[in-house]
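What follows is a single structure, written as structure tokens, with notes after it.
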Amino acid sequence: MKNLRIFVVTCTVVLLSVQAFAQPSSKDILKEADELRLSDRTAAKQLLDSIDVAKLSGSDEVYFQYLNAVIGTFNGDIKQTAEVLKNLLEIVKDKALKVRISASYLNLLGSLGHWKEGLALGEQLISYASDIEEQEVKYRAYLGLIAFYEQLQQPETVLNLTNRIVGKESVPAEVECGALAAQISSLIKLNSQSFSIEYLQNASQFCLDHGLTIYFAVLEMHKIAWMISQKMYSEALPYLEALIANPEVNKFTPHLTMVMSRYAEVNLKLGNIDVARDFARRTLAIDSEQNYRQAIIKALEVLHVIERDYGEIKEAYKYLVQLTSLQFAENVSQQEKQLAIQKAWFELDAFQHENELLDKENSLLQTKAKLVRENFENSILALVLVSLILLLLVFWSYRNHKVQAKLKQLARIDSLTKISNRRYFTEYAETLINKARVNNELVCFVILDLDHFKNINDSYGHQLGDTALVMTAGTLTKTLADDAVLGRLGGEEFGAIFCGKRIDEVLNLIESCRNEIASVKLPIAEYKLKLTASFGVSSSEDVGYPFENLYAAADLALFQSKRYGRNQVYQYSPSMDS
């Protein structure tokens, strides 16, 4: 009997131990919920609800709150979600998680129309991503920027960012799908020859195979819109019916209203009047508050045409009034959005320019103080020389020769970087341009500016800033000195002029130079800080030979490079003036 009791107790202990060992940890549950948050939000929410939040560590608790907020976005108030993410950014310490929260918050700022805060956060997000070695985190940062720039209606920048994700190794499926959806949308908007329906279908199938219904639905809507633009109404119909039958689409009102309004439009084109009328009315009923205007406008257009063609003038007029009113409201909303975006750009640029001016003023004051000291030293030297007239006759001649040589060098060479200064570079550039004009040679002018240079000075001191300038000048000399004349234009800005080279050769050289600068590591204590630069390129083929034209065009291209992500090369085109 005693042995039996011992046996029972032993079995109970073993069973409890096995159960405790088999139970997944909170970290495992969080990771699984993260993987399901887009493909199966219900399952992801159930997993989160099973966690005892009181037992979570600091970083895991932030991770939990982030996932809970992101999943709740689909059913809750995005303003509330944005507030949660903003608070999390103030307490999060893990760099990778900070990048993810920033990317999600950036997307919501665009949805809420907080453009100024979004533009500032976008620049911070680029900086965060550059400090992270994990490629997956970088990809998620790029996806957050893509979503924001889509809302800014900048398809060129979106394409630039999606090219950093699509087709690369180790990209999570949800990130790949998000980038594919944005890439295809931008290709369609730009009417790019790179777009093909086969590419869109492959992208759509990829997202479906990975259970990412949200992105699948977006891609399918792009496909349907393209088919409608090609008048392929019968071909579009089964795709619309499949989306309407999809349970996940039915749960997400923005997708459902657009699908149903498109279904009404296609049936109208095919002559299925009753079906078109029914689905147009159902669209209006689903979104009675008219939150999703594009779908409501399309439904009203369908109903107006049907009632007009059937002679129901009163009903047709009612729908026409609603349609006109809503179209006007949508146009006003879009104009207000564009004005708000432009205002945000201008305010951010003004703030940055103000800081740059302060830096230049401080530099000027330092230069003046240096000149005062040098003048004082020269005055003392003159008094000594007067006292020693006889000896001075020989000494002065020697000294004068050395001083003249040094002044001549100072007049041409920047003392810190040991390349041409702005004055000599400008004079020599104009000489080269005049010679090229006579020989009918192409002239290309390049301006580059170090990214976030002020942050380096502010965070690590001017000594490291000077080191960055010297290393940049060294890199320029190593990569371009055989092909171009180089100069420091001031601050963190450098210039280069090429004569007699084709524009594609110049762009290849500049791209190589950009990569070389990006590989420079600034030594800081136990780690190294990366250095990047933005470039603007102009040519006499576009703006003629006057130096002022070449400089202004390159400066405008540099502004575009800074504005749309930094660490890249932009060539001036006349469309930038508009």
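The values are calculated or read from the model by the stated rules, or taken from the named source; none is laboratory data. Note that the structure is predicted; figures quoted are calculated from it, not measured. Here Cβ is always computed from backbone atoms with ideal geometry, including for glycine, and neighbour counts include all displayed protein chains. For the accessible areas, the whole protein counts, side chains as well, though only heavy atoms, and no ligand, DNA or RNA atoms are used. Shrake-Rupley method; radii C 1.70, N 1.55, O 1.52, S 1.80 Å.
Out of everything in region 508-564 that is β-branched (V, I, T) and in contact with a strand residue (DSSP E or B) (Cβ under 6 Å, 6 or more places away or on another chain), what residue ends up being nearest to S127 (Cα to Cα)?
Residue satisfying both the conditions and the ranking: I517.
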Completion exercise
Flagged in region 209-246 as small (G, A, S), modelled with pLDDT of 90 or more and open to solvent by less than 30 Å² (accessible area, probe 1.4 Å), in numbering order, are A236
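Please work out if D414 is of a type in the set (D, E) and closer than 25 Å to Q568 by Cα.
Numbers: of a type in the set (D, E): yes; closer than 25 Å to Q568 by Cα: no.
No; evaluated as a whole, the condition is false for this residue.
This table checks each residue for (1) modelled with pLDDT of 95 or more; (2) more than 16 Å from I447 (Cα to Cα); (3) among the hydrophobic types (A, V, I, L, M, F, W, C); (4) surrounded by fewer than 19 Cβ atoms within 10 Å (Cβ to Cβ).
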| site | (1), (2), (3), (4) |
| --- | --- |
| K530 | no, yes, no, yes |
| A533 | yes, no, yes, no |
| S538 | yes, no, no, no |
| P574 | no, yes, no, yes |
| S578 | no, yes, no, yes |
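Taking region 517-545 as the region of interest, how many residues are within 30 Å of N439 (Cα to Cα) and touching a residue at least 60 places away in the same chain (Cβ under 8 Å)? Working first, answer last.
First pass over region 517-545, keeping only residues within 30 Å of N439 (Cα to Cα): 535-545.
Next, only the ones that are touching a residue at least 60 places away in the same chain (Cβ under 8 Å) stay: 535-541, 545.
Within region 517-545, residues that are within 30 Å of N439 (Cα to Cα) and touching a residue at least 60 places away in the same chain (Cβ under 8 Å) number 8.
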Handout entry: Subset of region 160-180 [over 18 Å from E35 (Cβ atoms) and surrounded by fewer than 21 Cβ atoms within 10 Å (Cβ to Cβ)]
Key = N160, N163, R164, V166, G167, K168, E169
